Structure formats: structure tokens, C-alpha cells
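Take a look at the following structure, please.
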Amino acid sequence: MVDAQHETNTTGKQPGRVVIMTAGGENPWIMINALAARFDDIVVLQEQPESKGLFLRRRARKLGWPMALGQLATMVASRFGKRFTRKRAHEILRLYGASATPDPRVPVRQIVSVNDNEAVAHIRELAPKVVFLISCRMLKPAALAQIPCPVINFHAGINPRYRGLMGGYWARVSHDVGNFGATVHLVDEGVDTGSILYQSRQTPDPRDTMHTYPLLQTAASTDIAIAALDDALKGRLRPLDVAGPSQQWYHPPIWTWLWTGIRRDIW
């Protein structure tokens, strides 16, 4: 419950500008809609999606071309298979009372990248009290250093054990469904290494797959994002002391995804 002194007289929402940086999509709009229902002044900076060519070259430099091509193949297969999970996706939205449809009342500014000078200029102009990231490029140190307010990220995985990508999938593959969930954390220069603010855990349905894991994690975790932003606007951010192994994960290569799906029915 929000104290009366933090409510506005006209909307009943908490005041204080929040800038959300995202590449857009269904899952981010679930979160944006939930935040817009709670906070009075939301502005979205939506970057252009990264090209597959750029993704492939960057991943190849890090992991080698065979692994990069295998991961790209999984991404392509996943996009094709998404059409077969719409029934489960609609069920998740109904279960959590969530909407993935962009709200035209939320102002959206188009940018090329969260890391370019245009994005920094928008942030300086908007002067938010907190910046919230969901499904966008990782902020480079130079861009992060120019943001004069807390920067918070929503991560579909339990940190620090499942940093990076596909945290829900890897939790299941690792026989660790107790760590299927999401994390809201402060952003630093590492990959999901910032101080943890809140976490939530879910139990995936047997029908869930790589296509619906992030949807479930997002729809079930809007409350922890709201709590983190509420704390930031009130100047009371209190990071948690979360211990445990730390590992960065990526998309599974196509051979791992197929083998695990066929042998263990984890897709």
C-alpha cells in the first residue's frame, strides 16, 4: 500500500518520473502496462531491435562461430514454434490479469539504441528519478555513467545463478526448478551482476516451453518491479544479500535444445 503523501490528487498514482528503456515486444508491454497503472509519469524510450547479423558477429567473437550459429538456429526455431503456444500464452495473461497490448496513453519515444547520444539526451531532458530496463541492449559503461539516477533492470532469471539469457529454461535443464523465477536488480557494468533488489519464483506448467517461460516470469513478477520503483522514488533502495554460485548463460545451441527436448521433454 502506498502512503497518502505519495499519492497524486488527480490520478491516485505515485508521482515521480520513470523512464523505461526497451526494445519493445509483448513481455515488456506486460510490465509497462503494470507500471503505468501504478506510477503517474511513465515515458518509454524504445530502441530499434538489434540485427541478427550484429548479434551473430558479437556472439561469434565471444563463443566461436559454431556455437554462435547453433544459438541462432535455436532462436529461429523458437520464433517459428511460438505460434503453437498461443493458447498457453493467453492462459498466462488471464491468470495474472496482464495485458501485452501497448497502451496508447503511455508516451513512447523512438531511439536507435539505448547506448547512443540520442538516448542520453532524452534522459537528460526528461530528468527521471529512476530508469527501468527491460528487454533492451546491455547499457555500456559510458552510457550508464551519464545517467544521474538509479538504473534498475528486470531479468527473467534468478541471479546470480542464472545471469544472462534463458534463465527459466536453464533452471529446468539443470534440475533446479526451485530457482525458476525473475530478479529485479540495480545495473552495473557487468551482465546481471548488479545488487539484487527483489526476486520472485514460479512453478512452470508442464506445457510451458522456451516460448512461454519469459512470459510467465514477466507476468508473475510485475509486483517486484513495482516494489523496486516505489523504493527508488522514495529513496529507500535496500539491496539484498544473495549468495550462491554465479554463471552467465546464453541461448542453447540447436543440438542441445533438440536433445533436451526429445530426451527430457524440456523445450
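Mind telling me which of the residues Thr203, Thr212, Thr193 ends up being under 30 Å from Gly16 (Cα atoms) and at pLDDT 95 or above?
Checking each option against the conditions leaves just Thr193.
Does the range 90-101 include one or more residues that are charged (D, E, K, R) and open to solvent by less than 50 Å² (accessible area, probe 1.4 Å)?
No, the range 90-101 contains no residue that is charged (D, E, K, R) and open to solvent by less than 50 Å² (accessible area, probe 1.4 Å).
Scan the range 195-206 for residues that are in contact (Cβ under 8 Å) with a residue 40 or more places away in the chain and either crowded, with 22+ Cβ neighbours inside 10 Å or among the hydroxyl-bearing types (Ser, Thr, Tyr) (or both) and jot them down.
Of everything in the range 195-206, those that are in contact (Cβ under 8 Å) with a residue 40 or more places away in the chain and either crowded, with 22+ Cβ neighbours inside 10 Å or among the hydroxyl-bearing types (Ser, Thr, Tyr) (or both) turn out to be Ser195, Leu197, Tyr198.
Right, another one. Please count how many residues of the range 24-62 are surrounded by 15 or more Cβ atoms within 10 Å (Cβ to Cβ) and either touching a helix residue (DSSP H, G or I) at 6+ places or on another chain (Cβ under 7 Å) or part of a helix (DSSP H, G or I) (or both).
Selection size over the range 24-62: 21.
Let me ask another. So which of Val173, Val187, Val177 is among the β-branched types (Val, Ile, Thr), out of contact with any Cys (no Cβ under 6 Å at 6 or more places or on another chain) and open to solvent by 50 Å² or more (accessible area, probe 1.4 Å)?
From the options Val173, Val187, Val177, the qualifying one is Val177.
Can I ask one more? Condition first: within 19 Å of Tyr213 (Cα to Cα), hydrophobic (A, V, I, L, M, F, W, C) and assigned to a loop (DSSP other than H, G, I, E, B). Now tell me which residues in the range 88-116 satisfy that.
Pass one, the range 88-116, residues within 19 Å of Tyr213 (Cα to Cα): 88-101.
From the residues that got through so far, the ones that are hydrophobic (A, V, I, L, M, F, W, C) too are 89, 92-93, 95, 98, 100.
Those that are within 19 Å of Tyr213 (Cα to Cα), hydrophobic (A, V, I, L, M, F, W, C) and assigned to a loop (DSSP other than H, G, I, E, B): Ala98, Ala100.
Being in a helix (DSSP H, G or I) and of a type in the set (Lys, Arg): is that true of Arg236 here?
Judged against the criteria, Arg236 is not a match.
As an exercise: evaluate Thr209 against (1) in a helix (DSSP H, G or I); (2) open to solvent by 10 Å² or more (accessible area, probe 1.4 Å); (3) of a type in the set (Val, Ile, Thr) and give the number of the one condition it does not meet.
(1) is the only condition that Thr209 fails.
In the set Phe80, Phe84, Phe132, which member is crowded, with 17+ Cβ neighbours inside 10 Å and among the aromatic types (Phe, Trp, Tyr)? So that I can check it myself, show each step before the final result.
Numbers: Phe80 fails: crowded, with 17+ Cβ neighbours inside 10 Å; Phe84 fails: crowded, with 17+ Cβ neighbours inside 10 Å.
One residue alone meets the criteria, Phe132.
Those residues that are touching a strand residue (DSSP E or B) at 6+ places or on another chain (Cβ under 6 Å) and open to solvent by less than 20 Å² (accessible area, probe 1.4 Å), I need them from the range 230-265; list them, please.
Ala232
The values are calculated or read from the model by the stated rules, or taken from the named source; none is laboratory data. It should be emphasised that the depicted structure is a prediction, and the values quoted were computed from it without experimental measurement. No Cβ is skipped: glycine too gets one built from the backbone with ideal geometry, and neighbour counts run over all protein chains shown. Quick note on the areas: whole protein, heavy atoms, side chains included, nothing else; ligands and nucleic acids left out. Shrake-Rupley method; radii C 1.70, N 1.55, O 1.52, S 1.80 Å.
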